[in-house]
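The values are calculated or read from the model by the stated rules, or taken from the named source; none is laboratory data. Computed from a predicted model, the values in this text were never measured in an experiment. We work out accessible area using only protein heavy atoms, side chains counted, and drop any ligands, DNA or RNA first. Shrake-Rupley method; radii C 1.70, N 1.55, O 1.52, S 1.80 Å.
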Amino acid sequence: MMPELLRAGIALAAVVVLILAFGAVMRRFGHGPATRAGKRLAVTESLSLDARRRLVIVRHDGREHLLLLGPAGDLVVERGPLPPETP
């Protein structure tokens, strides 16, 4: 009985190590969330109002939008100004 449990534990540990190694390789070659250059979309800030609703500030192309996210649907509360034109 003990050798079977030991073998299962070693197999589980090996799978976890493989998953972590794969994640490290993906981040190293630029596929991780923090390493993408030139991102156009980002969540600037988030505030939980209650267990089901959340206010989120989303930035894209120099504009910020305030969104109310909840189970009944999503609502744009405020749209930010357009970014200045570049010549």
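Return the residue satisfying two criteria in turn: it lies in segment 65-76 and is open to solvent by less than 80 Å² (accessible area, probe 1.4 Å) and at pLDDT below 90, and of such residues it is nearest to residue 40 (Cα to Cα).
Our first condition is that a residue be open to solvent by less than 80 Å² (accessible area, probe 1.4 Å); within segment 65-76, this holds for 65-70, 73, 76.
Applying the additional criterion that residues be at pLDDT below 90 yields 73, 76.
Working: 73: 24, 76: 19 Å.
In this case the residue turns out to be 76.
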Checklist entry - Does residue 41 satisfy the condition of being open to solvent by 100 Å² or more (accessible area, probe 1.4 Å), modelled with pLDDT of 80 or more, under 15 Å from the mean Cα position of the chain (by Cα) and not acidic (Asp, Glu)? => result yes
Checklist entry - Checking residue 14 against (1) modelled with pLDDT of 90 or more; (2) open to solvent by less than 60 Å² (accessible area, probe 1.4 Å); (3) part of a strand (DSSP E or B), which single condition isn't satisfied? => result (3)
